[in-house]
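The values are calculated or read from the model by the stated rules, or taken from the named source; none is laboratory data. For clarity, every value in this text was computed on a predicted model and none was experimentally measured. FYI the Cβ positions are ideal-geometry reconstructions off the backbone, even for glycines, and counts take in every protein chain you see. The protein model used for the area step is the full one, side chains on, heavy atoms only, and it has no ligands, DNA or RNA in it. Shrake-Rupley method; radii C 1.70, N 1.55, O 1.52, S 1.80 Å.
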Amino acid sequence: SETSQEWRTPPLWGVRDSAPYMHDGRAETLLEAISLHGGEAAGSRDRFLSSDLEARKDLLLFLNTLVAPSGVPKANL
């Protein structure tokens with residue numbers, strides 16, 4: 001069961017068009033959202049930030065292709 005300390009992570013489809021990011025909207029870009037993650041996501045954040053520039057660019061380019069399919073209602077988070 002969820003507590004007030006847990007947040008539901010929305011699916012990545014549609015991430016391109018879902019800014020601002022984070023549960024409180026404090027991240028304007030995907031790069032900022034990744035950089036702000038901590039806790040259980042700290043390892044993934046650190047691997048991303050320590051990867052070479054091309055790999056980071058490639059991942060951000062990929063994330064920006066993720067568009068929600070038409071006709072699917074947005075999650076009410």
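Using a cutoff of 8 angstrom between alpha carbon atoms and counting only pairs six or more residues apart, the relative contact order for region 16-77 works out to 29 percent. For region 21-61, carbon and sulfur atoms together expose 55% of the accessible surface, with a 1.4 angstrom probe and every protein chain in place. Neighbours of Glu32, meaning other residues whose beta-carbon lies under 12 angstrom from its beta-carbon, give a summed charge of +1 when Lys and Arg score +1 and Asp and Glu score -1.
The length gained by stretching the chain between Glu32 and Glu54 to full extension, at 0.36 nm per residue less their Cα-Cα distance, is 6.2 nm. Rounded, prolate or oblate: which fits region 16-77, taking a ≥ b ≥ c as square roots of the Cα gyration tensor eigenvalues, rounded meaning a/c under 1.5, else prolate when a/b beats b/c? Taking the square roots of the gyration eigenvalues as a ≥ b ≥ c, region 16-77 is oblate.
If R0 is 25 Å, the Cβ-Cβ spacing of Arg45 and Trp13 corresponds to a FRET efficiency of close to 0.75.
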